[in-house]
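The values are calculated or read from the model by the stated rules, or taken from the named source; none is laboratory data. Nothing here was measured: the structure is a model prediction, and the numbers come from that model. Glycine gets a Cβ as well: all are built from the backbone with ideal geometry, and neighbour counts include every protein chain shown.
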Amino acid sequence: MTTPNSAAALTLPDEQPIVQIDKLTKTFGTTYAVDDISLTINKGEFFSLLGASGCGKSTLLRMLAGFETPSSGRILIDGQDVTAVPPYLRPVNMMFQNYALFPHMNVAQNIAYGLKQEKMPRAAIRERVQEMLALVQIDALASRKPDQLSGGQRQRVALARALAKHPKILLLDEPLGALDKKLREQTQFELVNIQERLGITFIVVTHDQEEAMTMSSRIALMRDGRIEQVDNPRRMYEFPASRYAAGFIGSVNLFSGQVISHDDDLVQIHCEQAGCELQVHHSQPLTPGMDVTVAIRPEKIAVRQQHQNEANSTQGIIQEIAYLGDVSIYHVELASGQRLQFTQPNVQALAEQPLTWGQQVAIHWSAFSCGVLTQ
Amino acid sequence: MKQLHRLLPRIASGNLITAIPWFWLALFFLMPFLFVLKISLSEAALAQPPFLDWIQEIEDGLVTIQLNFGNYLLLIEDDLYLAAFWGSFEIAVISTLLCILLGYPMAYAIARAPQHWRLPLLMLVILPFWTSFLLRVYAWIGILKNNGLVNQLLLTLGIIDQPLTLLHTPVAVYIGVVYSYLPFFVLPLYATLTRLDTTLLQAAADLGARPWKQFLTITLPQSLPGVIAGGMLVFIPVMGEFVIPDLLGGPDTLMIGKLMWTEFFSNKDWPMASALATVLLLVLILPFVLMRHYEQKASRQAQES
Amino acid sequence: MFKRHPFATTVLLLGLAFLYLPMISLVVYSFNESRLVTVWGGFSSKWYSALLDNKPLLSAAWLSIKIGAINACLAVLLGTLAALALVRFSDRRGHKSLAIMSAAPLVIPEIIIGLSLLLLFVSMERLIGWPAGRGQLTILLAHVTFSMAYVSVIVQSRLNHMDRSLEEAALDLGARPVTVFFTITLPMIAPALAAGWLLAFTLSMDDLVVASFVSGPGATTLPMMIYSSVRLGVSPQINALASIIILLVALAVLITGLLLYRRQRQLPHP
């Protein structure tokens, strides 16, 4: 997501590393929560750690905050080794998943807490608290206690409190998890806005791939304690590095086949499942006979009037249609019995659909719209 | 090195926080038991304090230590002591059962009461506990004696024509014990019952079980660890109870607590009293272990749900 | 409530009646003109005035209050340390033994605690000369020892239910562990500390057995006085005393209940 006044700023975050994670491992007994992870995060990035529950993203975040001690490896923040530094001495602040607002203090006192620890003069604290209240737009709530606030308001207080000390890095643990859909969308926008304004590096943990895609400048997809892929959202989506990555983000059609030949960056693949030969644009060399998977995103598939017997072109019978308002998803059963999904935007509001259940449909896609996965 | 310097205060403060109560309890709770053991192996004497020390003589490098096992032998031989142990056990077991029978429905009723009734009901159960134990036991003297409340009521109603002997009987002791220890059972059991997962009951109802069946097959088994832990909370102190048998019991109410008191204060036989204490402690180890086990089981259950 | 659980509710009501009738009888008979406590001779408050003239009883009451208050303060201090050690520092040496030592005083019969402590004090006096003789100090030491166990249980429960992430948030915002304890943890467990203080005070005020063992000449506590009085039978002054105590406790419980109730209602949601 880019905002109009920041397109320039966001496309190229400062390529200065601010967090360097070096071969970090965390074991709990015999379980590897985080397994030999190395990662660099740059200044000003909105960086997401994405993955299913249990993949180790929260453990990694907690190690960055200082609440878990790594079993091995190092963490460097701005060049300094902070691996053994306790949380209260790190230039990092965290926004907790359950907000963790101090119930016996009001909003202003909550926000001021971190500043008091720095022994800031009282006038300066008051000023900073006002600044933060304005930033997250809760000026009127300063003297309320947490139990008098709604979920969304508490979240803003948590954010304001975590930003009050102007940390170099802000860690956010599932920040939007407790919000409903509409509020989530609104808050995503605001979070990105705030991050750009302040220029702070945000590191967010989330299990929601849409959220990660919407807000981040880069995403690290994690699985079983390891990093599956690190990329910006577009590349994550268009060029997934593995079947797992392809399936995790968005929907995807996966076909197994064998490489026939590879010339001039074009791979010919024999694929029985698809009912046609597959032709994919791929730059890395592949040996003939190799087993590969081809990933085709549903929106890259187009309907044609007549089936043609050529590569990347097949036909099947529509089994299911999911109508989502803006698009419709069609599930097609191919001759091989394999199912395939494609989407069509509902460009016209017609009473009947142009495509119906049981209809035979011919579909095709471009060699530049799919990818070969070797993992 | 710098890291160690930062971590050191954390390690030190944690150890200090553990050490302070540890040493206090070790000195004022644990050590005394060692002295009890030691003195149980001495001989009573007309002295101040009234027992002979182990170390009898130190002469020319010769130290004579005399251990007296006589108290323990007497314990085993003399029927009085065995009868007292048995009496204590009997009273403790029956009172515990009575507390469970009376206390379980009470705790259950409070736990299932509408939300805004629970706090007042709990306060009602707790209030007697905060008033003097001694005075409440004393109150029963006035109620149970020959011209006391109960007898006056029964006489006036014409149900009896001679006053019943209620005071200084085992019945009075049972009433006194249940009366005093009921809150001890109700409160922890209430805590256990409120932590039980009510959705399990809904599932049972959905599968066709009637309320009584739900209770018998789901609530009761689930609350069992809490019942056992609470029962031990009554059983163990009652074994050594003194005040109630002394004020409400009679000469034939044999309890270890009373006996220990008599041996200590009346007979000035500290060694014998110590021997009784040691044996009682040993007897209570098993119930104590049981209680801890079931307490932890009950809290683990609560955490899971 | 009666409709849904008729059996349990009936037992509850009977049980409550059982619990309260003796106390009510104490109060009623404290106004009895007749010396024969349970034979009604008319309404009179003379026993209350007799009580106020009973110097030995009053000084025993004062002693008990003194010891009770000091005991409560020390018990809260030690009990809270023990609770912290058991909940937050469960990996340190001595954890298991501390757990047992702080749970045992809750159930071990008072007579064993009293006897064992007396033997300790006697032996200590012979070995190192302290405590010199038995009296207020030894009663205090004994009371603190079992009171802290009760306080520890209460505080542990509160600590266990406390949200750990609050302490983490404080650490994250730059507060050192000690600061976190005093600014975050302590305010959050304050109700448990208050409850523990009251409990320790009550236990001390009410203790007969342990005090009888470890006390000495000149240190007679209120329970000890009451006991020697009631051994001889019922005494109307004791009834009067009992009524006063019941009244004070009832007031305290009522006030606490009202405060809690109002706090519960004060949780508005916008």
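Scan segment B:54-97 residue by residue and report those that are more than 32 Å from the chain's Cα centre (by Cα) and among the acidic types (Asp, Glu). Before the answer, list the steps.
Taking segment B:54-97 first, the residues more than 32 Å from the chain's Cα centre (by Cα) are B:54-66.
B:GLU57, B:GLU59, B:ASP60 - these are the residues of segment B:54-97 that are more than 32 Å from the chain's Cα centre (by Cα) and among the acidic types (Asp, Glu).
Conditions first: (1) crowded, with 20+ Cβ neighbours inside 10 Å; (2) under 21 Å from C:SER116 (Cα atoms). B:VAL227 passes all but one, so which condition is the exception?
(2)
Give the residue that is farthest from the other protein chains (Cβ to nearest Cβ), with candidates limited to residues of segment C:90-121 that are buried (at least 19 other Cβ atoms within 10 Å of the Cβ) and assigned to a loop (DSSP other than H, G, I, E, B).
C:ILE108
Output yes when any residue across segment A:345-362 is under 18 Å from A:VAL294 (Cβ atoms) and surrounded by 14 or more Cβ atoms within 10 Å (Cβ to Cβ), and no when none is. First the steps, then the outcome.
If we filter segment A:345-362 for residues that are under 18 Å from A:VAL294 (Cβ atoms), which is where we start, we get none.
No, segment A:345-362 has no match at all.
Within segment A:78-98, count every residue that is in contact (Cβ under 8 Å) with a residue 40 or more places away in the chain and either within 12 Å of chain B (Cβ to nearest Cβ) or surrounded by 22 or more Cβ atoms within 10 Å (Cβ to Cβ) (or both).
5
Restricting to segment A:248-305, give me the number of residues that are surrounded by fewer than 19 Cβ atoms within 10 Å (Cβ to Cβ), of a type in the set (S, T, N, Q) and either not assigned by TED's automatic domain parsing to the domain that holds A:LEU324 or not in a strand (DSSP E or B) (or both).
Number satisfying all stated conditions: 5.
With respect to C:SER204, determine if the residue is buried (at least 19 other Cβ atoms within 10 Å of the Cβ), of a type in the set (Ser, Thr, Tyr) and more than 13 Å from the chain's Cα centre (by Cα). Outline the logic, then answer.
Working: buried (at least 19 other Cβ atoms within 10 Å of the Cβ): yes; of a type in the set (Ser, Thr, Tyr): yes; more than 13 Å from the chain's Cα centre (by Cα): no.
No.
Failed condition for A:GLN137, given (1) in a helix (DSSP H, G or I); (2) of a type outside the set (Ser, Thr, Tyr); (3) surrounded by fewer than 15 Cβ atoms within 10 Å (Cβ to Cβ), with all others met?
(1)
Note down all Cβ pairs under 7 Å where the first residue falls in segment C:155-178 and is within 11 Å of chain A (Cβ to nearest Cβ), the second is surrounded by fewer than 19 Cβ atoms within 10 Å (Cβ to Cβ) and assigned to a loop (DSSP other than H, G, I, E, B), and they're at least six residues apart or on different chains.
C:SER165/A:ASN98; C:GLU168/A:PHE67; C:GLY174/A:GLU118
So, B:SER42, is that one in contact with an Asp or Glu (Cβ under 8 Å, 6 or more places away or on another chain) and buried (at least 20 other Cβ atoms within 10 Å of the Cβ) or not?
Values: in contact with an Asp or Glu (Cβ under 8 Å, 6 or more places away or on another chain): yes; buried (at least 20 other Cβ atoms within 10 Å of the Cβ): yes.
Criteria met by B:SER42.
Mind listing whichever residues of segment B:146-198 are surrounded by 15 or more Cβ atoms within 10 Å (Cβ to Cβ), in a helix (DSSP H, G or I) and polar (S, T, N, Q)?
Passing the criteria: B:ASN151, B:GLN152, B:SER180, B:THR192.
Residue by residue, here is whether (1) within 9 Å of chain B (Cβ to nearest Cβ); (2) within 25 Å of the chain's Cα centre (by Cα) holds:
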residue: C:PHE7; (1), (2): yes, no
residue: C:LEU14; (1), (2): yes, no
residue: C:PHE18; (1), (2): yes, yes
residue: C:LEU21; (1), (2): yes, yes
residue: C:SER25; (1), (2): yes, yes
residue: C:GLU33; (1), (2): no, no
residue: C:GLY42; (1), (2): no, no
residue: C:TRP47; (1), (2): no, no
residue: C:ALA50; (1), (2): no, no
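Any idea how many residues of segment B:254-280 are part of a helix (DSSP H, G or I) and surrounded by fewer than 19 Cβ atoms within 10 Å (Cβ to Cβ)?
Restricting attention to segment B:254-280, the residues satisfying the condition of being part of a helix (DSSP H, G or I) are B:256-266, B:270-280.
Filter once more, keeping what is surrounded by fewer than 19 Cβ atoms within 10 Å (Cβ to Cβ): B:262, B:265-266, B:279.
Residues that pass the stated criteria total 4.
Can you tell me which residue among B:LEU220, B:LEU233 is in contact (Cβ under 8 Å) with a residue 24 or more places away in the chain and part of a helix (DSSP H, G or I)?
Numbers: B:LEU220 fails: in contact (Cβ under 8 Å) with a residue 24 or more places away in the chain.
Just a single option satisfies the conditions, and that option is B:LEU233.
Listed residues B:ILE39, B:ILE58; which is at pLDDT below 90 and under 13 Å from C:VAL122 (Cα atoms)?
Values: B:ILE58 fails: under 13 Å from C:VAL122 (Cα atoms).
Among B:ILE39, B:ILE58, only B:ILE39 is at pLDDT below 90 and under 13 Å from C:VAL122 (Cα atoms).
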